[in-house]
Each structure stands twice: as C-alpha cells, then as structure tokens.
1. Just the residues that are touching a residue at least 60 places away in the same chain (Cβ under 8 Å) and part of a helix (DSSP H, G or I), please, taken from the stretch A:142-165.
2. Residues being within 7 Å of another protein chain (Cβ to nearest Cβ) and more than 26 Å from B:Lys278 (Cα to Cα): count how many of those fall in the stretch A:262-277.
3. Yes or no: the stretch A:269-278 includes at least one residue that is over 22 Å from the mean Cα position of the chain (by Cα), assigned to a loop (DSSP other than H, G, I, E, B) and exposed (fewer than 15 other Cβ atoms within 10 Å of the Cβ).
4. If you check every pair at least six apart or on different chains, which have Cβ atoms under 9 Å apart with a residue in the stretch A:210-229 that is surrounded by 14 or more Cβ atoms within 10 Å (Cβ to Cβ) first and a residue that is of a type in the set (Phe, Trp, Tyr) second?
5. Working only within the stretch A:119-143, note down all residues that are at pLDDT 90 or above, surrounded by 17 or more Cβ atoms within 10 Å (Cβ to Cβ) and not acidic (Asp, Glu).
6. Looking at (1) free of Cβ contacts under 8 Å to residues at least 40 places away in the same chain; (2) at the interface with chain B (Cβ under 8 Å from one of its Cβ atoms); (3) touching a Leu at 6+ places or on another chain (Cβ under 7 Å), can you tell me which one A:His237 breaks?
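The values are calculated or read from the model by the stated rules, or taken from the named source; none is laboratory data. None of these values were measured; they are calculated from a predicted model. Reconstructed Cβ throughout: ideal geometry from the backbone, glycine too, with neighbour counts over all protein chains shown.
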There are 2 protein chains.
Amino acid sequence: MVPHPCAPHPTPPAWLERVRIVLVGTSHPGNIGGVARAMKTMGLRELALVAPRCDPHTSEAVARASGADELIHTATRHQRLEEALSDAAWVVGCSARTRTMPWPMITPRRFSSRLADEVAAAGEEARIAILFGREDTGLTNDELAHCNAHVHIPTNPEFGSLNIAAAVQLMAYEARQAWLEAIDDDESTPLGEHLDADQALRTAMESVEWDNPLASHADVERLIEHLERTLILTGFHDPAQPRQLIPRLRRLLLRARLDQMETNILRGILTSVERLAKP
Amino acid sequence: MVPHPCAPHPTPPAWLERVRIVLVGTSHPGNIGGVARAMKTMGLRELALVAPRCDPHTSEAVARASGADELIHTATRHQRLEEALSDAAWVVGCSARTRTMPWPMITPRRFSSRLADEVAAAGEEARIAILFGREDTGLTNDELAHCNAHVHIPTNPEFGSLNIAAAVQLMAYEARQAWLEAIDDDESTPLGEHLDADQALRTAMESVEWDNPLASHADVERLIEHLERTLILTGFHDPAQPRQLIPRLRRLLLRARLDQMETNILRGILTSVERLAKP
C-alpha cells in the first residue's frame, strides 16, 4: 500500500538527533522550557546549557516545556563554550548584530540547504551545533569567533526582537526541513522540489566526495592554540599588542572547514617552525 | 547610489502587510501577545480575533507582545469566522489532524512558494488569510471547510505540540521569505542565480559587508610560491618527495577565498619564518 504523502515519517532520524542546540548564558527558565518544546516538536533532542544564569529545572521551565521537559533533564551543562562544541564538526551562531569583524553569514534557508551535506561530511559521531546567546546581549564576539558561520534570521528591520524559543523554533524547523528533504531524496520521491537555488548553494567541499573527514572543533582549537604559541615564539605576534591578528587567523581557519589531514599538515609545519625558533 | 544588495529593505512591503493572521477561539491572553510579537518580527500587521475566549488586553498579553502590543490594539474582533475572511482571496488553515474528508494539503514551504503568485492573482485590496484554531481543539471541520487549502507543519509525529505563537512564527517567517524572494526577483539582482559552488562561497563572504577586498588570484599564487619556498627552507617540504603537500595547501588556501589583509598577514608570517631559517 502506498502511504499517504502527508503521513508522518515512521522513525526519528539518526542524524537529525545529532543537531545540538547550545544556549549560552540563558537568564529565564521559561525560555529554556520553551526551547525544549520547540526542539522536541521538530525532532531535536540534544540541548547543551553553557553557564546558564538561572535554574533550568523550575516549575516555570517545566510548564513552558509542555511535555518536553525530558530534554531539560538530559541537557548537558558546561562552564565553558568550548566544552559544548568539542565534538562539533559544524558550528553556526545566531547573531542579530553586525560585528566589527565580518564573518561568513548565512540565512536559515542556506543553513537548511547545507545541513545534510555537512552531516554527511562530519564523522558518524560528530555533531552540528547551533548557538544562541543571552536574551539581552546575545553572543559575545569571543563566542561568535568559535563559529564556522553566523546565521542571521531575516526579521523586520524595525522590530527584530525574536524570543529565543522562537529563534530556536525557526532553526529547528529548518533543520527538520533539511532532514525531510534528504529522506525524500533518498527515497526518490518527487516531493523534493527545492532543487534549484538551494541545491546550488552546497559548497565546493561537500559537493564532491571529500578525501578526508572534517576536523573536529577541538582539533581546530588545538591548531589555533599551537599557531598562537608559535607566532609568539617567532616574535611575529606580541600578545601585548594583539591587534586583530589571532581573530583574523581564527576566522580564516574556521571558514575554510579544515579536514583532518590539513590540520595535521599545519600542525606539522608549526612544529618544524618551533624547532627553528628554539634549537 | 546603488544600495548594497543585502541592506535591509527600506520600507515594509505593501503586500506582506496584506497577509492576515486569524485566530479562532483563543483561550490564553499570553498566546495572543506571543502571536503579535511573532507577526511583527516578520513584518505582518493585520490580526483578526474570532470569538476569543479571553480578554486580549491583559497585562500578560502586553508583556508577551514585548513591544508589539499595537497589533493587539488594532486587531479586529469578529463573532463569526466569515466576517474575518470576507475580503480574503486565499485562505489557508493550519491543521494538525487528518480530517475525515481530505482537503488540499500543503506544507509551509509550498505556502511560501505559492504566496507571491496568490498575492499577484488577488485584487489590490484583497487579503491572504492564515487561520489558527483553539489551543486545545484546533479548528473545527466547519472552519476548515472555509479554507482553500490546509497547511500541515511537519512536526515530530511523536510530539506535535506546537505552541500557537510558535506556529504563527513559522508561517509568518515563510510569508516573509516569500516576500524577500519576490523582491529579489523584482530587482533582477544576480544573487538569486547561484551559478556554482564557488560563487556561493563568495556570496556567503560578501553577504555581510566584508572588511577587506578579496585577494586577486595573482596575490594568492604569490602567497603559495612564498609558502613553498619557506617550507623548503625550513626542511618541512622536500621537492624530491613532494607527496601531495603543496596541492593540499593550495586547495585549502583557494577554498578559503582569502582577502587582501589575510594574504598580507600570511606573507608576513612566512617572511618572519624565513628570517629564523637563515639568520
């Protein structure tokens, strides 16, 4: 029997559950509950709370979760953002503001059209992380500098005040759309209509079968630390007069989406330079 | 002066304001406030309340509206659904349930892809109406029978409990997407063409105003030559046993689409390493 085209898909997807929502410095328990509900409606399960500024287990949080409170109970807690990202292969951060140093900026639609490829390019255990900042001040520049790309939700320029649970709802919806379209593609059903502009947006890296797995966020962080140490050692970088040197190099390396062999090559180069500097 | 293609559009569009949100039998003032906020973030202005089961002007409604409460004050009130739909040329109703009598059923994405055409087909004074039902029981079969099509938001089949403000947020977002895409089409900007993956990556970089011009191909070639010389000097690269070292580094640097300052920084680093290698 042919299933009705609108019948729900039978099982939650393995890969949609690898999309992690990371909340940084959330102040209101109700918002954490609203985020849990928004996630669960779209089939997301992994919530990470970085330095929350409230107790996420209050009755208000549970009430707003409206049946999704197990996501609050299973949420991981972290003091530092890096801990919540260590196994992430692609990190995007929601940002309303224009930053002093521009960063690759994508729309939620482009996030959606790239997601299946990013998941495929990541290792089987790797995660995709979507960062959301504080209700009042968003993400800091340091936090945004951990992202491969920033996402700007195209809101009314005269009233851009999206509630954090609403922002999570939109991004989780776009993630689910990506999964539904990938499933449709797999099943060769004609539902996958969005083959035009969105399809063309897949990046050079993922549109071919890449020869090496992507480096993890932690790998890239170690590379950046190594680079900074080496540049101090050679005298090129003076931490007392940092200018924007390290942020610029960080942006470049994150933008390029390094694979594991590239990371190893670059670290090998750094080690050889260190030996020159202190023979 | 030609505006930047990604600059916020100057004025709210006439036609996006003709998309009306119709709430039937809403019980909770907070939800009406949340709906107003969701609408305003996406540039919608017309709210119609049909037989609300609460006072929409409570402090809770105003608090949840978070600055969008003028939409509550200007909302129209109706006893009968037909009154709220009389000037509507296209009516869609959000429905979670499968009905006994099947109705044309579209996804929010198809709603979005059809919206501009429906607006164009409607008269200048006509409206597009999106119906949302009661928090507990949704829309009745009679109410759904007023719709040209039903919209099913594709939620997790195990947890489809979308808050009404979240459902309005998603549909308003899809309406805004339709408008943004129509504006792009109208202005014949080349952004909608997405020629190839390389173009897409450049678009991603330029979709914010980047802080430096892109390096020319010749600049990048000179950088790669400099890198190769330096790696030979330090002993890391042996041209007699090249393996794939230089092609891999070349691929990485070309993929990242370097800007001019990044090229200068990298050449500065190489020069400082050269000085170490031959003091």
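1. Passing the criteria: A:Glu143, A:Ile164, A:Ala165.
2. Number of matching residues: 1.
3. Pass one, the stretch A:269-278, residues over 22 Å from the mean Cα position of the chain (by Cα): A:269-278.
Keeping just the survivors that are assigned to a loop (DSSP other than H, G, I, E, B) gives A:278.
From what is left, the residues that are exposed (fewer than 15 other Cβ atoms within 10 Å of the Cβ) are A:278.
Taking every residue of the stretch A:269-278 in turn, at least one turns out to be over 22 Å from the mean Cα position of the chain (by Cα), assigned to a loop (DSSP other than H, G, I, E, B) and exposed (fewer than 15 other Cβ atoms within 10 Å of the Cβ).
4. Partner pairs satisfying both residue conditions: A:Leu214/A:Trp90; A:His217/A:Trp90.
5. So the first thing to find is which residues in the stretch A:119-143 are at pLDDT 90 or above, and the list is A:127-140, A:143.
Now restrict to residues that are surrounded by 17 or more Cβ atoms within 10 Å (Cβ to Cβ): A:127-134, A:138-139, A:143.
Result: A:Arg127, A:Ile128, A:Ala129, A:Ile130, A:Leu131, A:Phe132, A:Gly133, A:Arg134, A:Gly138, A:Leu139.
6. (2)
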